[in-house]
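Undergrad: This structure is in structure tokens; I'll ask about it shortly.
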Amino acid sequence: GQFEAEDSKNLETILREASTAEKTVIVTMMNQAYADLNSTFDVFLEGFQVGDGTEKLLRHVLVVCLDERAYSHCVEVFPHRCFLLRTTSIDFSGERLFTVGDYLEMMWRRTEFLGSLLKLGYNFLFTDMDTVWLRDPFPRLIPDVDFQIACDRFNGNSSGTRNYADGGFKFVVANHRTIEFYKYWYVSRLRYPGNNEQDDNKMKDLRQVLDDWTAYFSNEDRAREFRQPINCWRSLRRQYNKERG
């Protein structure tokens, strides 16, 4: 299996406690670079506390930690909602730039983990940690859609397959279709080495799968209503200082 027995038990306990009545959790991930005092993690949590109708959502947040230091900091400031995702042979503790090979491995690990949540029967809203939530997004999600994802570029057609997906914000409903989709998505890393997980959205065979049951929504319209990326700078320190003014 993907997890050790104890880790699997801990994860299922956190999921039961964090999920909504509809078995939905809000998932984010962090490593040591995000976890330092007064850094991105603190801004992320603060955003929920000051956003419009977002404070009540904090109880549903699951923080997936990619290294021991991130986990230690998480349990100090946000206890009972932290899960250490162990990965052998790769150190995910440092800041990862988009072109670094280990970053790609980290993104594929994320895809694998999110697929495991679906297998356990949990819907998830995944959000990058370097995002501030301005208001509750759930009332604005499209009902009865399996997979909704933000777009870096939106062509005006919410069901079109030529929108550029942004894997940093997505809502996925757990069912047999999405479970199979995530299996397919994860295996595609072997067919297209060197690509990150959202590059595969633009590949023809994956687009055909998406075309049947995907709704895209754009950072330029719906998504902008409730999330504001703060990842405009490569340096996390400058990012934090800019956010705090």
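Readers should treat all values here as calculations from the given coordinates under stated rules, not as data from a laboratory. For clarity, every value in this text was computed on a predicted model and none was experimentally measured. We place every Cβ from the backbone using ideal geometry, glycine too, and count neighbours over all the protein chains shown.
Undergrad: Take peptides 124-132, 171-179 and line them up by average Cβ neighbours within 10 Å, highest first, as a rough protection proxy.
TA: Averaged packing, sorted descending, gives the order 124-132, 171-179.
Undergrad: When ranked by the protection proxy of mean other Cβ atoms within 10 Å per residue, highest first, what sequence do the peptides 52-65, 7-20, 106-119 form?
TA: Result, highest mean Cβ count within 10 Å first: 106-119, 52-65, 7-20.
Undergrad: Using θ = phi - 60° and the Karplus relation 6.51 cos²θ - 1.76 cosθ + 1.60, list the HN-Hα couplings for the range 51-64 in order, rounded to whole Hz, with x at every Gly or Pro.
TA: Once θ is set to phi - 60°, the couplings for the range 51-64 become x, 7, x, 9, 4, 5, 7, 4, 5, 9, 8, 10, 9, 8 Hz.
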